[in-house]
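Below: one structure, written as structure tokens.
The values are calculated or read from the model by the stated rules, or taken from the named source; none is laboratory data. Quick caveat: nothing in here was measured; it's all calculated off a predicted structure. A quick note on method: Cβ atoms are made from the backbone with ideal geometry, for glycine too, and the neighbour counts reach across all protein chains shown. Side chains are part of the model used for accessible areas, which takes the heavy atoms of the whole protein and leaves out ligands, DNA and RNA. Shrake-Rupley method; radii C 1.70, N 1.55, O 1.52, S 1.80 Å.
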Amino acid sequence: QVQLVESGGGLVQSGGSLRLSCAASRSFFLIRSMGWYRQAPGKQRELVAAVTSSGSTNYADSVKGRFTISRDVAKNTVYLQMNSLKPEDTAVYYCNAILNGGNYWGQGTQITVSS
């Protein structure tokens, strides 16, 4: 198992920036992939960005060029730098980790982008 602790959500104006952090209770060497999903009201949860154990990254088309996922292996922490935020980025953002034993989620953090 792994516990995921998220931080960094909040309210920001359109065009602003935020950075999310997600600290895992297990070493990255045990995690196959780690990333961020989001869910807006009335919509399905969707992948925002993810990074694999080898360092490969994957982004939703809607955030390419604006969001950057990175990791600090020593701290077992993944970051999501979000720039040029838009009102349509408003959602609850969830950290996700995939291990051989299963799929794990953080508690979620709200991001609201005002126009």
Test for Val51: is it assigned to a strand (DSSP E or B) and either of a type outside the set (Gly, Ala, Ser) or surrounded by 14 or more Cβ atoms within 10 Å (Cβ to Cβ) (or both): yes
- prompt: Restricting the search to the range 100-113, which residues are on the phi < 0 side of the Ramachandran plot and outside any strand (DSSP E or B)?
  reply: Asn100, Gly101, Gly106, Gln107
message: Just to be sure before I move on: is Gly9 under 11 Å from the mean Cα position of the chain (by Cα), open to solvent by 20 Å² or more (accessible area, probe 1.4 Å) and at pLDDT below 95 in the structure I sent?
response: yes
- request: Considering only the range 100-115, state which residues are open to solvent by 60 Å² or more (accessible area, probe 1.4 Å) and within 18 Å of Gln1 (Cβ to Cβ).
  value: Asn100, Gly101, Asn103, Trp105, Gln107
query: Just a yes or no: is a residue in the range 34-46 assigned to a loop (DSSP other than H, G, I, E, B) and within 11 Å of the chain's Cα centre (by Cα)?
result: no
field: Residues (aliphatic (A, V, I, L, M), in contact (Cβ under 8 Å) with a residue 12 or more places away in the chain, surrounded by fewer than 20 Cβ atoms within 10 Å (Cβ to Cβ) and not in a loop (DSSP other than H, G, I, E, B)) located in the range 56-99
entry: Val73, Val92, Ile98, Leu99
message: I'm checking my understanding of the structure. Among residues of the range 24-47 that are hydrophobic (A, V, I, L, M, F, W, C) and open to solvent by less than 40 Å² (accessible area, probe 1.4 Å), which one is modelled with the lowest pLDDT?
response: Phe28
field: Gly108 vs. criteria modelled with pLDDT under 95 and under 11 Å from the mean Cα position of the chain (by Cα)
entry: no
